[in-house]
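Worksheet: one structure, shown below.
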Amino acid sequence: MWTVDVDPAPLAALAAQLDEVAARRLTAGAERARTLLTGRRLWNVSATAGGGVGELLRTLLPYVRDAGIDARWLVLDGDEEFFRIITRLHHVLHAHPGDGGPLGAEEMAHYDRVLARNLDEVRENVAAGDVVLLHDPATAGLAPELRRRGAVVVWRCHLGTDATDGLTDVAWAFLEPSVAQAHRVVLSRATYRPGFLDAGVVRVISPSVDPLSPKNRRLGPAEARRLLQEAGLLTAGEGGPGAATTASSGPRHDGDAPAGAAADVPAGATMRAGGPVPANARMLLQVSRWDRLKDMTGLLIAFDEGFENLPGDVHLLLAGEEVAPHDSAAAAVLADCLQMWEGLEPAVRERAHVACLPLADREHNALLVNALQRRAAVIVQKSLAEGFGLTVAEALWKGRPVVATSVGGIQDQIADGANGLLVRSPTDLQGLVAAVARLLAEPAFAEQLGVAAHDRVRRDFLSDRHLLQYVDLLDELL
């Protein structure tokens, strides 16, 4: 197990992004948290430092530290087999078979062995009375020992599905002995609660967008274009019809370069197929992990089958992070996308692109995602399942028109026809292309959705709401 360093970020800067009532509420919440946690440490434990959980912790914990709270972050050590089991659990909790492998006694024994090794370090650090937030299936097995040591244990599961079938029961049976030992369980939707958990133990807290983070800060059109061109994602030339407008750029962190200023960040995205997107193209974008449940291959098929129904200046870009050496599941998804791209007709292939964003510099990676989302004419999230779908909230925050499948937490973010378009079935490729084509053909409607999208996130999905809900949870526990 290893520690992620967390430096404070000014809570006052976040408060400055809010209206007066919300800002005062945030300041009062910080004072309440300081009082509750006097003499205690607040631990977060996650499987990795990356992904959606890592991103949330990197944005929230600096504010917590600035509030005067001793917040710390630990990351598990695990071998390849452990993470294979965890990936399988993630898929099964979303009602998908994943690699189809078992979750039986042998897998449980390996899971327990890995966590037992991690517990040695936990025992040295966590004291009685400390609060520990365990994130997702990988960490659930720590709950019984932490509770025995007198810690206050909260298990936060970012996964789930509204579907009820025997497949999800397998995953919950695997996790039940551990999860049942947590004092509280936090889910993204109430419908994700498994039957063995009493409703009184469960709290619903949605993820959030940090308006000041590199991924979500204001980025002017010229700066976004320069970032993408330097990274090799966009050809040289002036902005075309896909360029983001200043109105949709969102708030800016104090000290950020002004719109149009040169960004002092390294280049280095890798175009795996199709080369850079033409500067004058309208970009249809999905940016996601290389994960079966994000269905990047399904979007590529939809683009191919609906090609004749899309304007000639529209290019599809599939973008995800470079695949880590141990991540065989992500490597397989990326390989499938590239193989599928090779099989496209030449005319389709010329307007389809696959890119890997660099992992070495997380801030640069986040800025590239920011620039891509602001540059996109339409953003798609064609997921087969989502616990919440943070990439949707990020796209909505940027005021972009979004087309997404009506699954999981995406339904809590998009009201169809009001602040985005929903495709009822993840397998409805024709419906997805029709929704995209409508937004491209009706720019006034697309802009209307974008304005409403930004307002929706400002109202319900910013960091202040997220932090205050955790303060309420701590209040009832302590």
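The values are calculated or read from the model by the stated rules, or taken from the named source; none is laboratory data. Keep in mind that this is a model prediction, so the values were computed, not measured. Here the Cβ is made from the backbone with ideal geometry for all residues, glycine too, and neighbour counts use every protein chain on show.
So the values come out like this:
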item	result
Criterion (assigned by TED's automatic domain parsing to the domain that holds LEU175 and at positive phi) met by exactly one of GLY39, GLY78, GLY50	GLY39
Filter result (more than 21 Å from GLY160 (Cβ to Cβ) and surrounded by fewer than 24 Cβ atoms within 10 Å (Cβ to Cβ)) within the range 417-432	GLY417, ALA418, ASN419, ASP428, LEU429, GLN430, GLY431
Yes/no for ALA231 being aliphatic (A, V, I, L, M), in contact with a Lys or Arg (Cβ under 7 Å, 6 or more places away or on another chain) and either closer than 28 Å to ALA9 by Cβ or at pLDDT 95 or above (or both)	no
Selection count, the range 357-375, where residues are within 13 Å of LEU317 (Cα to Cα) and either surrounded by fewer than 17 Cβ atoms within 10 Å (Cβ to Cβ) or more than 18 Å from the chain's Cα centre (by Cα) (or both)	1
Among (1) of a type in the set (Gly, Ala, Ser); (2) outside any helix (DSSP H, G or I); (3) surrounded by fewer than 22 Cβ atoms within 10 Å (Cβ to Cβ), the one test that GLY387 misses	(3)
Odd one out for PRO97, checked against (1) farther than 30 Å from THR38 by Cβ; (2) out of contact with any Lys or Arg (no Cβ under 9 Å at 6 or more places or on another chain); (3) modelled with pLDDT under 95	(2)
Check on ALA261, in the same structural domain as GLY343 (by TED's automatic domain parsing), at pLDDT below 95, more than 25 Å from the chain's Cα centre (by Cα) and not β-branched (Val, Ile, Thr)	yes
Test: residue in the range 174-193 that is in contact (Cβ under 8 Å) with a residue 40 or more places away in the chain and more than 23 Å from LEU477 (Cα to Cα)	yes
Residues that are in a loop (DSSP other than H, G, I, E, B) and among the small types (Gly, Ala, Ser), drawn from the range 319-338	ALA324
Residue satisfying all of: in the range 294-318; without any contact (Cβ under 8 Å) to a residue 60 or more places away in the chain and part of a strand (DSSP E or B); nearest to ARG351 (Cα to Cα) among these	HIS315
Failed item in (1) under 22 Å from the mean Cα position of the chain (by Cα); (2) outside the structural domain of THR35 (by TED's automatic domain parsing), with TYR470 passing the rest	(2)
Selection from the range 137-175 of residues that are assigned to a helix (DSSP H, G or I), within 21 Å of GLY78 (Cβ to Cβ) and charged (D, E, K, R)	GLU145
Pairs with Cβ under 6 Å, 6+ apart, first in the range 323-349 and farther than 22 Å from HIS91 by Cβ, second of a type outside the set (Ser, Thr, Tyr) and part of a helix (DSSP H, G or I)	LEU344/ASP304; VAL348/ASP304; VAL348/PHE307
Breaking point among (1) at pLDDT 95 or above; (2) closer than 26 Å to LEU390 by Cβ, for ALA163	(1)
Selected residue (only one of VAL170, VAL153, VAL92 is at negative phi and either in contact with a Lys or Arg (Cβ under 9 Å, 6 or more places away or on another chain) or without any contact (Cβ under 8 Å) to a residue 40 or more places away in the chain (or both))	VAL153
